[in-house]
Amino acid sequence: RKEVEQDPGPFNVPEGATVAFNCTYSNSASQSFFWYRQDCRKEPKLLMSVYSSGNEDGRFTAQLNRASQYISLLIRDSKLSDSATYLCVVIWLNTGFQKLVFGTGTRLLVSP
Amino acid sequence: EAGVAQSPRYKIIEKRQSVAFWCNPISGHATLYWYQQILGQGPKLLIQFQNNGVVDDSQLPKDRFSAERLKGVDSTLKIQPAKLEDSAVYLCASSSRQGAAGVSPLHFGNGTRLTVT
């Protein structure tokens, strides 16, 4: 089993739709989680951190389910500009330092 | 605040040649990472520095890749000799904190797109 897994997609949705992605992780001792957004031929950029109680930033909601070992990202009222690849990052302690592992990313295509 | 600087942006070399990439992290960031991102995949960690010490290089192909971070600031990543499968984007990232206090988010540079022919 991969350490961090994502459905590569693509997810094709119309403008205004609500879409959700999951990211599963194998290490139950994982401590921190982030969602990054990566546009084509660009570097990843931080979208939001994921807090244990869940958190919202405008149209974006991130949640953590420790029991089932996954995090999710919900995008409401999708915009054309949301088209990108969404990468999850999972962090756990590994022999004295934190190890960060990226998922392969989920590609989102929002169409008019 | 200036971001993470990387150079060059693009590099085309023939297999068996050597290449070097340079990274200047955000000022004051103690942790520096080099990632390899092959098209269609997520970034894969090659090496992680804490100040000028290596904390994780378990996925670095040490027979051909090397990296250093002298003085705990700038870093260089070298490939010698390059193979076709090294064609990828090489991303440098830095973060301000890693340890018992938790991990701060990574800030990435623009990356170096390497093509090996």
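Can you tell me which residue among B:S66, B:S94, B:S104 is in a strand (DSSP E or B) and either open to solvent by 60 Å² or more (accessible area, probe 1.4 Å) or closer than 22 Å to A:L93 by Cβ (or both)?
Working: B:S66 fails: either open to solvent by 60 Å² or more (accessible area, probe 1.4 Å) or closer than 22 Å to A:L93 by Cβ (or both); B:S104 fails: in a strand (DSSP E or B).
Being in a strand (DSSP E or B) and either open to solvent by 60 Å² or more (accessible area, probe 1.4 Å) or closer than 22 Å to A:L93 by Cβ (or both) holds for just one of B:S66, B:S94, B:S104, which is B:S94.
Taking strands (runs of 3 or more DSSP E) that do not extend beyond region A:64-112, which have at least 1 residues that are of a type outside the set (A, V, I, L, M) and either in contact with a helix residue (DSSP H, G or I) (Cβ under 8 Å, 6 or more places away or on another chain) or farther than 20 Å from B:T31 by Cα (or both)? Explain how you work it out, then say what you get.
Values: elements: A:70-75, A:84-94, A:97-102, A:106-111.
Answer list for region A:64-112: A:70-75, A:84-94, A:106-111.
Looking at A:D82, is it out of contact with any Pro (no Cβ under 7 Å at 6 or more places or on another chain) and either open to solvent by 30 Å² or more (accessible area, probe 1.4 Å) or within 14 Å of chain B (Cβ to nearest Cβ) (or both)? Please lay out each step first, then the result.
Details: out of contact with any Pro (no Cβ under 7 Å at 6 or more places or on another chain): yes; either open to solvent by 30 Å² or more (accessible area, probe 1.4 Å) or within 14 Å of chain B (Cβ to nearest Cβ) (or both): no.
It is false that A:D82 is out of contact with any Pro (no Cβ under 7 Å at 6 or more places or on another chain) and either open to solvent by 30 Å² or more (accessible area, probe 1.4 Å) or within 14 Å of chain B (Cβ to nearest Cβ) (or both).
Which is within 12 Å of chain A (Cβ to nearest Cβ) and over 24 Å from A:K45 (Cβ atoms), of B:S66, B:S58?
On the way: B:S66 fails: within 12 Å of chain A (Cβ to nearest Cβ).
Residue meeting the stated conditions: B:S58.
For the structure I just gave you, tell me whether A:V89 is within 14 Å of chain B (Cβ to nearest Cβ) and of a type in the set (A, V, I, L, M, F, W, C).
Yes, satisfied.
Do you know which residues across region B:71-92 are at pLDDT below 95 and not charged (D, E, K, R)?
Result: B:G72, B:V73.
Looking at region B:48-70, which of the residues that are touching a strand residue (DSSP E or B) at 6+ places or on another chain (Cβ under 8 Å) and of a type in the set (A, V, I, L, M, F, W, C) is modelled with the lowest pLDDT?
Within region B:48-70, the match that is modelled with the lowest pLDDT is B:V55.
Please enumerate the residues belonging to region A:1-45 that are within 12 Å of the chain's Cα centre (by Cα) and exposed (fewer than 15 other Cβ atoms within 10 Å of the Cβ).
Within region A:1-45, just A:A20 meets the criteria.
Condition (residue is away from chain B (no Cβ under 14 Å), open to solvent by 40 Å² or more (accessible area, probe 1.4 Å) and not in a strand (DSSP E or B)) applied to region A:48-56: is it met by at least one residue?
Checked region A:48-56: at least one residue is away from chain B (no Cβ under 14 Å), open to solvent by 40 Å² or more (accessible area, probe 1.4 Å) and not in a strand (DSSP E or B).
Go through (1) open to solvent by 50 Å² or more (accessible area, probe 1.4 Å); (2) touching a Phe, Trp or Tyr at 6+ places or on another chain (Cβ under 6 Å); (3) of a type in the set (A, V, I, L, M) for A:L93 and report which single condition fails.
(2)
The values are calculated or read from the model by the stated rules, or taken from the named source; none is laboratory data. None of the values given here were measured: they were computed from a predicted structure. Using ideal geometry, Cβ is built from the backbone for each residue, glycine included, and neighbour counts are taken over all protein chains shown. For accessibility, only protein heavy atoms count, side chains too; no ligands or nucleic acids. Shrake-Rupley method; radii C 1.70, N 1.55, O 1.52, S 1.80 Å.
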